[in-house]
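Beneath this line is the structure, given in structure tokens, with notes to follow.
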Amino acid sequence: MVIRTAAQKPSRQCGALMVELLVAMALLTGALLPLAYSFASEKRLARSYYQRAVAIEIVDGEMEALAAGEWHAFAPGAHEYRVRAGAATNLPPGRFRVTVQPGKVRLEWQPGVKQHGGGVVREVTVK
């Protein structure tokens, strides 16, 4: 019986092993790429949901203050609105806007970029 070392193996066997390795790597890559894309998509979606929840909380809190009488400080029409919530730092670039009309006050937040939670609008009837 003759025992051959790796250096003495016929080139045909080494070539077959290389082809098997390439096929295995291609299958692994083909399975992992969609999985990696799925994780990245889920991360973007979770960030979007988080930013929308933060925006809803801020708009709801500020709307309570406006409905309690703070809206009197604004003339009729649309105005930029400064929020006092520290959580606003967790939002993407965007703007808060208050609109005062006879009998109605509307507060909205609109993100400056798409796919970051979407806009939030609250409106109350005032006297």
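A few remarks follow.
- Extreme residue, nearest to the chain's Cα centre (by Cα), among residues of segment 98-127 that are aliphatic (A, V, I, L, M) and in a loop (DSSP other than H, G, I, E, B): Val113
- Restricting segment 80-112 to residues that are surrounded by 11 or more Cβ atoms within 10 Å (Cβ to Cβ) and of a type in the set (Ser, Thr, Tyr) leaves a set whose member that is nearest to Gly61 (Cα to Cα) is Tyr81.
- Pairs with Cβ under 6 Å, 6+ apart, first in segment 61-89 and in contact (Cβ under 8 Å) with a residue 24 or more places away in the chain, second among the acidic types (Asp, Glu): Val83/Glu62
- Residue count, segment 55-69 (criterion: hydrophobic (A, V, I, L, M, F, W, C) and exposed (fewer than 14 other Cβ atoms within 10 Å of the Cβ)): 2
- Test for Glu62: is it part of a helix (DSSP H, G or I), within 15 Å of the chain's Cα centre (by Cα) and at pLDDT 90 or above: no
- In segment 81-95, the condition of being at pLDDT below 95 and assigned to a strand (DSSP E or B) is met by at least one residue.
- Test: residue in segment 113-126 that is over 22 Å from Tyr50 (Cβ atoms), without any contact (Cβ under 8 Å) to a residue 40 or more places away in the chain, open to solvent by 30 Å² or more (accessible area, probe 1.4 Å) and charged (D, E, K, R): yes
- Number of residues in segment 1-54 that are at pLDDT below 85 and either open to solvent by less than 90 Å² (accessible area, probe 1.4 Å) or among the small types (Gly, Ala, Ser) (or both): the value is 8.
- Any hit, segment 70-79, residues being among the charged types (D, E, K, R) and open to solvent by less than 70 Å² (accessible area, probe 1.4 Å): yes
The values are calculated or read from the model by the stated rules, or taken from the named source; none is laboratory data. Because the structure is a prediction, the values reported are computed rather than measured. Cβ: placed from backbone, ideal geometry, glycine included. Neighbour counts: every protein chain shown. For the accessible areas, the whole protein counts, side chains as well, though only heavy atoms, and no ligand, DNA or RNA atoms are used. Shrake-Rupley method; radii C 1.70, N 1.55, O 1.52, S 1.80 Å.
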